[in-house]
1. Below 8 Å between Cα atoms, with a sequence gap of 6+, how large is the relative contact order for the stretch 15-71 in percent?
2. Sorted by accessible area (1.4 Å probe), largest first, how do Ser11, Ser32, Ser42 line up?
3. Can you give the accessible area per residue of the stretch 15-71, in Å², using a 1.4 Å probe?
4. Any chance you could get the radius of gyration and Dmax over the Cα atoms of the stretch 15-71, in Å?
5. Return the carbon/sulfur percentage of the accessible area of the stretch 29-72, one whole number, probe 1.4 Å, all protein chains in place.
6. Report the full-extension gain for the segment Arg14 to Leu34: residue separation times 0.36 nm, less the Cα-Cα distance, to one decimal in nm.
Amino acid sequence: QDVMDIEVKPSPSRPHWYERHVQPCMAELLGSALFIFIGCLSVVEDSGGTGRLQPALAHGLALGVTVAILGDI
């Protein structure tokens, strides 16, 4: 009777194909586009005395926003 008391756990279901393939690709595309767009825009709109600081901060901010928004994908 001890053998019959074992609980059988159901196997976890596999994620949908959209979650495995499309969602990570869209996150990568959106993150890269945001990162490149903000970085290039910060260089174009460079104000005289900032030098390398402005593009570095813009890239850091873009990366932080991307991770905060898309981090759980």
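The values are calculated or read from the model by the stated rules, or taken from the named source; none is laboratory data. Being a predicted model, the structure only gives us computed values, none of them experimental. Ligands, DNA and RNA are stripped out before the accessible areas are found, and what is left, the full protein with its side chains, is counted by its heavy atoms. Shrake-Rupley method; radii C 1.70, N 1.55, O 1.52, S 1.80 Å.
1. Values: 24 pairs, mean separation 22.9, N = 57.
It rounds to 40 percent for the stretch 15-71.
2. Numbers: Ser11 100, Ser32 45, Ser42 10 Å².
Putting Ser11, Ser32, Ser42 in descending order of accessible area: Ser11, Ser32, Ser42.
3. Details: 4260 Å² over 57 residues.
Per-residue value: 75 Å².
4. 14.5, 51
5. Values: 2380 of 3170 Å².
Carbon with sulfur: 75 percent of the solvent-accessible area.
6. Details: separation 20, 0.36 × 20 = 7.20 nm, distance 3.06 nm.
Computed gain between Arg14 and Leu34 is 4.1 nm.
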